[in-house]
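Here's the structure, in structure tokens; my notes come after.
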Amino acid sequence: MPPVFRFAPSPNGYLHLGHALSALLNDDLARKASGRLLLRIEDIDTARCRPEFEAAIYQDLGWLGIAWEQPVRRQSEHLARYRQAIEKLSAEGLVYPSFESRAEIARLLAQQDANSRWPCDPDGVPLYPGAAKSLPSGERTRLLESGAPYALRLDMAAACARAGDLGWIEDGEGPDGETGAVTARPQAWGDVILARKETPTSYHLAVVVDDALQGVTDVVRGRDLFWSTSVHRLLQRLLDLPQPAYRHHRLILDGAGGKLSKSTAATGLRELRAAGATPTGIRRLVGLA
């Protein structure tokens, strides 16, 4: 069977040079291996994703000379699949609802951080500080039946105990030079959110479900998602999903050394095209031969 690659942008802004690097690299590797290239639109964030951004993705990729298989998978059309995954994890006692608002979590963090620095995940976000996991079942039921907002969280300790040791073979390079056999550290993320009341999935859950359903064999993405692979390997083990090969590539950084933003017009593909850039020029800008 030919290898299957994918490019999976979110339509919450226009593509920039960082997206171009990832899309072109996936396309190059798929062509070299006589494989397939899929396009997935990760549009679960209905508040930020817009049709004009999705249309621009197709335009920019077409201009770069990238061809992908049809049909395009749009996550918003497959919410039932993510619910099934949540139900499986819930049936095994690995998911619990938390009811604190963002403001309440901020207050809890301020209290916890009074004497010592509260731990953060690999993205620098403080770990969940609440105690919803220990709520009595009656109180949990009462809150759910009241219609209170909630987030469904993975009980990380129980999940790691169930899954055992995890890792992956890195064909690219992590942020600190990690390559080859990498030990997964999902516990570094704490009790990650898998879904919310108003959104039946999260990035972590949707990406592993989609990769499995689409038969993706090779995940090629930016180095900023390197340690997210720990959570993805955990969910793959818990949901009995296949493990793809992973390759994390370098990032295109801005002048201050930070990750590019979709709001940075100077690196936007639409702006560069309007200024006279060519697809060949874009390849040179992102460091591809």
For this session: For Leu108, state whether it is in contact with an Asp or Glu (Cβ under 8 Å, 6 or more places away or on another chain) and either at pLDDT 90 or above or not basic (Lys, Arg) (or both).
Result: yes
Seminar exercise, completed: From the option list Leu205, Leu225, single residue qualifying as without any contact (Cβ under 8 Å) to a residue 40 or more places away in the chain, out of contact with any Pro (no Cβ under 7 Å at 6 or more places or on another chain) and among the aliphatic types (A, V, I, L, M) is Leu225
Problem set entry | Unique match (being assigned to a helix (DSSP H, G or I) and either in contact (Cβ under 8 Å) with a residue 60 or more places away in the chain or aliphatic (A, V, I, L, M) (or both)) among Leu37, Leu21 | Leu21
Exercise. Taking into account only those residues within the range 261-273 that are in a helix (DSSP H, G or I) and loosely packed, with under 15 Cβ neighbours inside 10 Å, which is modelled with the highest pLDDT?
Worked result: Glu271
Exercise. Out of curiosity, is Gly258 without any contact (Cβ under 8 Å) to a residue 12 or more places away in the chain and either within 25 Å of Asp60 (Cβ to Cβ) or buried (at least 16 other Cβ atoms within 10 Å of the Cβ) (or both)?
Worked result: yes
Seminar exercise, completed: Scanning the range 150-193 residue by residue, those more than 30 Å from Ala103 (Cα to Cα) and aliphatic (A, V, I, L, M) turn out to be Ala161, Ala163, Leu166, Ile169, Ala181, Val182, Ala184
For this session: Go through the residues of the range 172-183 one by one and say whether even a single one is of a type in the set (S, T, N, Q), without any contact (Cβ under 8 Å) to a residue 24 or more places away in the chain and under 29 Å from Ser22 (Cβ atoms).
Result: yes
Exercise. Taking the range 240-255 as the search range and keeping residues that are of a type in the set (D, E, K, R) and either in contact with a Ser or Thr (Cβ under 7 Å, 6 or more places away or on another chain) or surrounded by 13 or more Cβ atoms within 10 Å (Cβ to Cβ) (or both), which one is modelled with the lowest pLDDT?
Worked result: Asp254
Problem set entry | Out of Arg31, Arg48, Arg83, sole residue that is over 30 Å from Ala163 (Cα atoms), basic (Lys, Arg) and part of a helix (DSSP H, G or I) | Arg31
Exercise. If you go through the range 51-80 one residue at a time, how many are in a helix (DSSP H, G or I), touching a residue at least 24 places away in the same chain (Cβ under 8 Å) and among the charged types (D, E, K, R)?
Worked result: 2
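The values are calculated or read from the model by the stated rules, or taken from the named source; none is laboratory data. Keep in mind the model is a prediction, meaning the values are calculated, not measured. Virtual Cβ from ideal backbone geometry, glycine too; neighbours counted across all protein chains shown.
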